[in-house]
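Enquirer: First the structure, which I've put down as structure tokens, then a few questions once you've had a look.
The values are calculated or read from the model by the stated rules, or taken from the named source; none is laboratory data. For clarity, every value in this text was computed on a predicted model and none was experimentally measured. Please note: Cβ atoms are built from the backbone with ideal geometry, for glycine as well, and neighbour counts cover all protein chains shown. Side chains included, ligands, DNA and RNA excluded: accessible areas come from the protein's heavy atoms. Shrake-Rupley method; radii C 1.70, N 1.55, O 1.52, S 1.80 Å.
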Amino acid sequence: MRSALEACGRWEAEGKAVAGATLVAVAGSAPRRAGARLLVSSAGDTWGSVSNGCVEGDVTAHAAEVLRTGRPRLAAYGIADEQAFAVGLSCGGEIEVFIECWDGLAARLGGGPGEDFVGALATVVAGPGEGSHGLFDRERGLVAGDLPASLAAAVGKDVAALVDAEASRVQGYGESRVFLETLAPLPRLLLFGAGHSAEALAPLAAAAGFRVTVCDPRPGLARPERYPAAAEVRHGWPDEVVPGLDLDRRTYAAVLAHDPRIEGPLLPLLPASPARYIGVLGSRRTHAARLERLAAAGWPPEQLARLRGPIGLDIGAATPEEVAVAIVAEMVAARRGRLETGSGPGA
């Protein structure tokens, strides 16, 4: 959302009107997720995509009409429709795209969400209040927008659960249909233990949409040039580094050190945190011994169950690169709510 508003602002500064098309509903197979956007300027400039080219031509025509009339519209495409085949949606899914004028939208949203904003944008796509917006902070509620008060009160009750699930969807509120879009920074991967496994994992995790931080007490390994895909590299022991990392529900931790000098002080700091995922490198026998040792030290069963070990999905991974694929797959499963509770049999 933030990058789309920036593109809109550049065109507005050039004197161009802007229409924004947002993918608000997806059923079945479709090339993009809800929240994907295409911007169209009055000069014919385009930015982004709602379907990787399948329906962009038709959406662009709708955008031109929206700019001419000033009235928003909701366009639907599905494989059963002759029009859908004609415009190119041949993947078998159904989508809805909401197209509206974006002129002045950033100002109506109080300048738009900042880089660290965690919350949701509500857009009325049909019914009373169509075309109005509300920007909701997860903790503070409605912070900007022109959403009708009755809708704002109802939507505000759903924001926290939506944000925690990283979901975006259309919901009905009386006669209005509202697209609720989660807005949040990229989830963080805290990668503990520099080395070959970390060097393979960092770029793959970054490509999958994680903001990577590499942590290690060994200065010879914790070097930024070895991790160009990482957002940052922190040098220090766990008790020095972890307190400053502010672990939350959007945090994923991969413990790759395989060294008791690092694992020992690190592991007690992780399961008690709100982190979404905690994976630990090691064989099945190593992990079983780890759990036995931690249980003897007084760890409760619910905290032991949070350690995913051996780390990664069981795909028969052998090389560091294959292990990285297994780990990223397991983190994505955790992110999308498809991961079973407890330790896994991974790489």
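Enquirer: For Gly312, state whether it is buried (at least 20 other Cβ atoms within 10 Å of the Cβ), in contact (Cβ under 8 Å) with a residue 24 or more places away in the chain and on the phi > 0 side of the Ramachandran plot.
Expert: Numbers: buried (at least 20 other Cβ atoms within 10 Å of the Cβ): yes; in contact (Cβ under 8 Å) with a residue 24 or more places away in the chain: yes; on the phi > 0 side of the Ramachandran plot: yes.
Taking the combined requirement at face value, the residue satisfies it.
Enquirer: Kindly indicate the residue of the stretch 99-128 that is part of a loop (DSSP other than H, G, I, E, B) and closer than 16 Å to Gly70 by Cβ and also least open to solvent (accessible area, probe 1.4 Å) among those meeting that condition. Don't jump to the end; show me each part of the working.
Expert: Here is the first cut: in the stretch 99-128, the residues part of a loop (DSSP other than H, G, I, E, B) are 102-104, 109-118, 127-128.
Then keep just the ones that are closer than 16 Å to Gly70 by Cβ; that gives 102-104.
Details: Trp102: 3, Asp103: 67, Gly104: 29 Å².
Across the stretch 99-128, the extreme among qualifying residues is Trp102.
Enquirer: Tell me, please, whether a residue that is open to solvent by less than 20 Å² (accessible area, probe 1.4 Å) and at pLDDT 95 or above can be found in the stretch 88-98. Spell out how you get there, then give the answer.
Expert: Start the filter on the stretch 88-98 by keeping residues that are open to solvent by less than 20 Å² (accessible area, probe 1.4 Å), which leaves 89, 93, 95, 97-98.
Then drop every residue that is not at pLDDT 95 or above, which leaves 97-98.
Among the residues of the stretch 88-98, at least one is open to solvent by less than 20 Å² (accessible area, probe 1.4 Å) and at pLDDT 95 or above, which makes the answer yes.
Enquirer: For the stretch 130-171, which positions are open to solvent by less than 30 Å² (accessible area, probe 1.4 Å), over 24 Å from Ala275 (Cβ atoms), touching a residue at least 24 places away in the same chain (Cβ under 8 Å) and not in a helix (DSSP H, G or I)?
Expert: Gly131, His133, Leu135, Ala144, Leu147
Enquirer: Contact list please: Cβ distance under 9 Å, first residue in the stretch 204-219 and modelled with pLDDT under 95, second residue acidic (Asp, Glu), pairs at least six apart or on different chains.
Expert: Here the result reads Pro217/Glu240, each pair linking the stretch 204-219 to a residue that is acidic (Asp, Glu).
Enquirer: Does at least one position in the stretch 13-34 carry a residue that is closer than 22 Å to Gly114 by Cα, at pLDDT below 95 and open to solvent by less than 60 Å² (accessible area, probe 1.4 Å)?
Expert: Looking for residues that are closer than 22 Å to Gly114 by Cα, at pLDDT below 95 and open to solvent by less than 60 Å² (accessible area, probe 1.4 Å), one finds at least one in the stretch 13-34, hence yes.
Enquirer: Identify, by number, the condition in (1) more than 18 Å from Ala120 (Cβ to Cβ); (2) of a type outside the set (Gly, Ala, Ser); (3) at pLDDT 95 or above that Arg223 doesn't meet.
Expert: Only one criterion is unmet by Arg223, namely (3).
Enquirer: While we're here: Where residues in the stretch 207-234 are under 19 Å from Ala329 (Cα atoms) and small (Gly, Ala, Ser), which of them is nearest to the chain's Cα centre (by Cα)?
Expert: Taking the candidates together, the pick is Gly209.
Enquirer: When the residues of the stretch 37-69 are narrowed to those that are part of a loop (DSSP other than H, G, I, E, B) and either modelled with pLDDT of 95 or more or among the charged types (D, E, K, R) (or both), which ends up least open to solvent (accessible area, probe 1.4 Å)?
Expert: Within the stretch 37-69, the first condition is being part of a loop (DSSP other than H, G, I, E, B), and the residues that meet it are 42-45, 49-55.
Subset that is either modelled with pLDDT of 95 or more or among the charged types (D, E, K, R) (or both): 42-43, 45.
Values: Ser42: 75, Ala43: 72, Asp45: 48 Å².
Residue satisfying both the conditions and the ranking: Asp45.
Enquirer: Of the numbered conditions (1) open to solvent by 60 Å² or more (accessible area, probe 1.4 Å); (2) over 25 Å from Leu186 (Cβ atoms), Gly298 satisfies every one except a single condition; which is it?
Expert: (1)
Enquirer: Would you check if there is a residue in the stretch 261-269 being under 30 Å from Val26 (Cα atoms) and not hydroxyl-bearing (Ser, Thr, Tyr)? Write out each step before concluding.
Expert: Here is the first cut: in the stretch 261-269, the ones under 30 Å from Val26 (Cα atoms) are none.
Looking for residues that are under 30 Å from Val26 (Cα atoms) and not hydroxyl-bearing (Ser, Thr, Tyr), one finds none in the stretch 261-269, hence no.
Enquirer: Just give me the residues in the stretch 245-268 being open to solvent by 40 Å² or more (accessible area, probe 1.4 Å), under 26 Å from the mean Cα position of the chain (by Cα) and touching a residue at least 60 places away in the same chain (Cβ under 8 Å), in sequence order. Write out each step before concluding.
Expert: Step one: list which residues in the stretch 245-268 are open to solvent by 40 Å² or more (accessible area, probe 1.4 Å), which gives 246, 248-249, 258, 260-261, 264-265, 268.
Among the residues that remain, those that are also under 26 Å from the mean Cα position of the chain (by Cα) are: 246, 248-249.
Across the stretch 245-268, the qualifying residue is only Arg249.
Enquirer: Val178 - would you say it is assigned to a strand (DSSP E or B), open to solvent by 20 Å² or more (accessible area, probe 1.4 Å) and either touching a strand residue (DSSP E or B) at 6+ places or on another chain (Cβ under 8 Å) or more than 30 Å from Glu322 (Cβ to Cβ) (or both)? Don't jump to the end; show me each part of the working.
Expert: Values: assigned to a strand (DSSP E or B): yes; open to solvent by 20 Å² or more (accessible area, probe 1.4 Å): no; either touching a strand residue (DSSP E or B) at 6+ places or on another chain (Cβ under 8 Å) or more than 30 Å from Glu322 (Cβ to Cβ) (or both): yes.
Against the criterion (assigned to a strand (DSSP E or B), open to solvent by 20 Å² or more (accessible area, probe 1.4 Å) and either touching a strand residue (DSSP E or B) at 6+ places or on another chain (Cβ under 8 Å) or more than 30 Å from Glu322 (Cβ to Cβ) (or both)), Val178 does not qualify.
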